[in-house]
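Notes follow once the structure below has been shown.
The values are calculated or read from the model by the stated rules, or taken from the named source; none is laboratory data. Keep in mind that this is a model prediction, so the values were computed, not measured. Using ideal geometry, Cβ is built from the backbone for each residue, glycine included, and neighbour counts are taken over all protein chains shown.
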Amino acid sequence: MYIPQHYKNENLKEVKEFIINNSFGILINHMNGKPWATHIPLELDKDANGKDILVGHIAKANPQWKYFTEGTEVLCIFNGPHSYVSSSWYVEEEVPTWNYIAVHVYGLLKIQDNKALMTSLHKLVDKYERKSENPISLNNLSKNTLRQVKGVVGFEIEIKEIQAAYKLSQGREQDHPRIIEELAKRDPNGGHAIVEAMKKSNKKLK
């Protein structure tokens, strides 16, 4: 994706943490020359050699998987918080803009065998059940229920490139206090997360 240099985040540790915390992504490949996208969890993991990979699965009813040949190149998109920024909050006249965080991961896909698929499904369920009042485990589900696993295809993505855009009003540091003040009171969803990201990136605001 196009990222102006001052919006690039090359702190790999921070970007990985972002992927872990925003793992409901978009998997994109080509089907007969046409882009195809599916919204699914894409979990950051490591392969047997300790290399970073993404792991996921889709329904066999989804024709996308039929184009998962060995080494298929795919794009995974992870969206983070975003918020409109009014230029009325600036000291000097300027056009309005949008602050956001987004990460694109390019890699090579391969289909998992059944053992690897079950391992990844256990990890996925355990991760998101952690905070449940009455967490479930795949270990406790009946064989009849687990038959549904036959209806999905698991895959791993060997990561080749990570691109991270953190557009947080860089270059307008003099306006950060007002932008933060306005976002904090106007946008309780993405705006609050953008506020925290801006504070983290601008050491003078800590």
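Go over the candidates I179, I157 one by one and state the one that is farther than 18 Å from L117 by Cβ and surrounded by 13 or more Cβ atoms within 10 Å (Cβ to Cβ). Working first, answer last.
Working: I157 fails: farther than 18 Å from L117 by Cβ.
Going through I179, I157 in turn, the sole match is I179.
When segment 85-118 is limited to residues that are aromatic (F, W, Y) and touching an Asp or Glu at 6+ places or on another chain (Cβ under 8 Å), the one that is farthest from D187 (Cα to Cα) turns out to be Y106. Give segment 1-52 a look and list any residue that's touching a helix residue (DSSP H, G or I) at 6+ places or on another chain (Cβ under 9 Å), modelled with pLDDT of 95 or more and over 29 Å from T119 (Cβ atoms), or say none. Answer for segment 1-52, where residues must be touching a helix residue (DSSP H, G or I) at 6+ places or on another chain (Cβ under 9 Å), modelled with pLDDT of 95 or more and over 29 Å from T119 (Cβ atoms): just N9.
Counting only residues that are in a strand (DSSP E or B) and not aromatic (F, W, Y), segment 156-184 holds 11 of them.
For segment 145-178, what are the residues that are among the polar types (S, T, N, Q) and either within 25 Å of Y2 (Cα to Cα) or in contact with a His (Cβ under 6 Å, 6 or more places away or on another chain) (or both)? Reasoning before the result, please.
Let us first name the residues in segment 145-178 that are among the polar types (S, T, N, Q), namely 145, 148, 163, 169-170, 174.
Selection gives Q163, S169, Q170.
One residue stands out in segment 65-87 among those that are among the β-branched types (V, I, T) and at pLDDT below 95: the one that is farthest from G25 (Cα to Cα), namely T69. When the residues of segment 100-134 are filtered to those that are assigned to a helix (DSSP H, G or I) and of a type in the set (K, R), the one that is farthest from the chain's Cα centre (by Cα) is K115. Considering the conditions (1) of a type outside the set (F, W, Y); (2) farther than 28 Å from H104 by Cβ; (3) touching a helix residue (DSSP H, G or I) at 6+ places or on another chain (Cβ under 8 Å), G154 is excluded by exactly one of them, (2).
Note on segment 48-99: residues that are of a type in the set (G, A, S), closer than 28 Å to K150 by Cβ and without any contact (Cβ under 8 Å) to a residue 40 or more places away in the chain amount to 2. When segment 1-55 is limited to residues that are basic (K, R) and closer than 24 Å to D126 by Cβ, the one that is farthest from the chain's Cα centre (by Cα) turns out to be K51. Of all residues in segment 185-194, those satisfying the criterion of being under 24 Å from the mean Cα position of the chain (by Cα) and part of a helix (DSSP H, G or I) are G190, G191, H192, A193, I194.
Considering (1) surrounded by 14 or more Cβ atoms within 10 Å (Cβ to Cβ); (2) farther than 30 Å from G191 by Cβ, the lone condition that G56 does not fulfil carries the number (2).
Picking from H30, H39, H104, which residue would you name as being touching a residue at least 12 places away in the same chain (Cβ under 8 Å) and either within 30 Å of D175 (Cβ to Cβ) or polar (S, T, N, Q) (or both)? Walk me through it before giving the result.
Details: H30 fails: either within 30 Å of D175 (Cβ to Cβ) or polar (S, T, N, Q) (or both); H39 fails: either within 30 Å of D175 (Cβ to Cβ) or polar (S, T, N, Q) (or both).
Matching residue, one of H30, H39, H104: H104.
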